[in-house]
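Comments concern the structure below.
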Amino acid sequence: MFQTLTDRQERILDLVIRTYIRTGIPVGSKMLVEIYDLDVSSATVRNELAALGEMGYLVQMHTSAGRLPSETGYRYFVQKLLGEFRLPLHERQMIRHQFHQARLDMNQWMQLAAAILAHTSQGASFVTAPQRRINQFKHLQLISTQGRLVLMILVLTGGEVNQQMLTLAEPLPQGRLSAVAQRLNDLYSNAAYDEIVALGNYTDTLEAEVTRLILDVIQRADNRAISDIYRDGLVNLLENEGTRQAVKVLEERTLLADVISGTQTAGSRGVQVLIGGEGRWEELKDCTIILSRYGVMEQFSGTVAVIGPTRMMYGRNVAAVRYIADLMSGLVYEYYMDELPAGELKENYGVELDLSE
């Protein structure tokens, strides 16, 4: 994905990005040599800046201007140069205290998480309420009603029941419908959306059509986890083009749903950094989203995220998202513990066990 850099090129790229994030001013060779007392000449730094530009890590608005990080430069920085960062102890203690004050109220947790992330990042944030993350097929019935109309009853794990009418190309006897339902019950038992798609083994058109409807129901159930979105910090996003674009993103519920489902796949954990849409979402150009799942993975989980321009404090924001996600995971476990499978250990779910600092 990345072109190989020398140690010196890595150091110069790191300094350019950190300086630009801090100052917002395009960075030139003279500035780097003076600020960081580099042991190479300004001409050498200028040559390295030109090389980094040719490789796509830096951009230059015009010939005499300093350099700015490109999306590729930011990605390299986040993946290879950022390093570990933790919020200061006093901030972590204050955040824990705030959560303990609202400990028994899920709605307050969501609002508090969004407010803390917006304040910490000086950007905007969104938090989705925890829901059953992965819905699974449990039982199917196909009941002939009249003519070509068939009632499909689908039950998902967790007890959700969905009923809808299916219009066939021609009438079929109940025996045939029951046989199809039984085959799909055997084939899809406890299967999630991706598992059903992977099976893809239909003996006829009816099975294919019923499977399509099953997938639609499960996908809607999976996406329902983002029905409640808590936002904060919009006032912080009014300064430049990148932040104005981020405001539009926060207002587009469908886009947020697509981003969350496209990045937080089954089994994924930890913080993810989405820079400039990563070639998938044109609407995210000039934006960065830092997000993480929280909760009891594959049982009850939601998403916490910071959104802002690509020029943001990556280390601090990644640390804030990770810390809030860990706290929320511990709280959600306690909230839903009676609904979790008996005998499972808390640490199996990747949650923060110790809520004291």
What is the number of the single condition among (1) at pLDDT 85 or above; (2) closer than 19 Å to Y74 by Cα; (3) under 16 Å from the mean Cα position of the chain (by Cα) that G279 does not meet?
-> (1)
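Looking at the range 28-38, is at least one residue in a loop (DSSP other than H, G, I, E, B), out of contact with any Phe, Trp or Tyr (no Cβ under 6 Å at 6 or more places or on another chain), within 30 Å of V235 (Cβ to Cβ) and of a type outside the set (D, E)? Steps first, answer last, please.
Let us first name the residues in the range 28-38 that are in a loop (DSSP other than H, G, I, E, B), namely 28, 37-38.
From the residues that got through so far, the ones that are out of contact with any Phe, Trp or Tyr (no Cβ under 6 Å at 6 or more places or on another chain) too are 28, 37-38.
Checking which are within 30 Å of V235 (Cβ to Cβ) leaves us with none.
No, the range 28-38 contains no residue that is in a loop (DSSP other than H, G, I, E, B), out of contact with any Phe, Trp or Tyr (no Cβ under 6 Å at 6 or more places or on another chain), within 30 Å of V235 (Cβ to Cβ) and of a type outside the set (D, E).
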Residue count for the range 96-140, restricted to those that are of a type in the set (F, W, Y) and in contact with a strand residue (DSSP E or B) (Cβ under 8 Å, 6 or more places away or on another chain) | 2
Helices (runs of 4 or more DSSP H) wholly inside the range 136-235 that include at least 1 residues being under 31 Å from the mean Cα position of the chain (by Cα) and among the acidic types (D, E) = 193-199, 205-223
Given (1) in a helix (DSSP H, G or I); (2) in contact (Cβ under 8 Å) with a residue 24 or more places away in the chain; (3) out of contact with any Phe, Trp or Tyr (no Cβ under 9 Å at 6 or more places or on another chain), number of the condition W109 does not satisfy = (3)
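If you check Q164, Q79, which single one turns out to be over 24 Å from V217 (Cα atoms) and either surrounded by 12 or more Cβ atoms within 10 Å (Cβ to Cβ) or of a type outside the set (A, V, I, L, M) (or both)?
On the way: Q164 fails: over 24 Å from V217 (Cα atoms).
Exactly one of Q164, Q79 is over 24 Å from V217 (Cα atoms) and either surrounded by 12 or more Cβ atoms within 10 Å (Cβ to Cβ) or of a type outside the set (A, V, I, L, M) (or both), namely Q79.
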E160: of a type in the set (D, E) and in contact with a helix residue (DSSP H, G or I) (Cβ under 8 Å, 6 or more places away or on another chain), yes or no?
-> yes
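Residues being of a type in the set (V, I, T) and under 10 Å from F77 (Cα atoms): count how many of those fall in the range 1-15. Walk me through how you get there before you give the answer.
Initial filter on the range 1-15 (of a type in the set (V, I, T)): 4, 6, 12.
Next cut, under 10 Å from F77 (Cα atoms) only: none.
So the count comes out to 0.
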When you look at V150, is it more than 30 Å from V321 (Cβ to Cβ) and without any contact (Cβ under 8 Å) to a residue 24 or more places away in the chain, yes or no?
-> no
Can you tell me which of A102, A65, A129 is of a type in the set (A, V, I, L, M, F, W, C), within 30 Å of P26 (Cβ to Cβ) and modelled with pLDDT under 95?
-> A65
Evaluation of M313 against (1) under 23 Å from E195 (Cα atoms); (2) modelled with pLDDT of 75 or more; (3) over 14 Å from the mean Cα position of the chain (by Cα) (one fails), failing number | (1)
Criterion: modelled with pLDDT of 90 or more, under 25 Å from N107 (Cβ atoms) and assigned to a strand (DSSP E or B) - qualifying residue of V273, V304, V321 | V304
Among the numbered criteria (1) more than 17 Å from M313 (Cα to Cα); (2) touching a strand residue (DSSP E or B) at 6+ places or on another chain (Cβ under 8 Å); (3) of a type in the set (D, E), which single criterion is violated by E10?
-> (2)
Name, by its number, the condition in (1) loosely packed, with under 15 Cβ neighbours inside 10 Å; (2) without any contact (Cβ under 8 Å) to a residue 40 or more places away in the chain; (3) of a type in the set (G, A, S) that does not hold for S144.
-> (1)
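Taking G56 as the residue in question, decide whether it is small (G, A, S) and surrounded by 15 or more Cβ atoms within 10 Å (Cβ to Cβ).
no
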Just one of the numbered conditions (1) within 17 Å of the chain's Cα centre (by Cα); (2) under 12 Å from D232 (Cβ atoms) is not true of H119; which one?
-> (1)
Could you run through the range 276-313 and say how many residues are surrounded by fewer than 24 Cβ atoms within 10 Å (Cβ to Cβ), aromatic (F, W, Y) and in contact (Cβ under 8 Å) with a residue 40 or more places away in the chain?
-> 1
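The values are calculated or read from the model by the stated rules, or taken from the named source; none is laboratory data. Treat the numbers as computed from the prediction; the structure is a model and nothing was measured. Cβ sites come from the backbone with ideal geometry, for glycine too, and all protein chains shown count toward neighbours.
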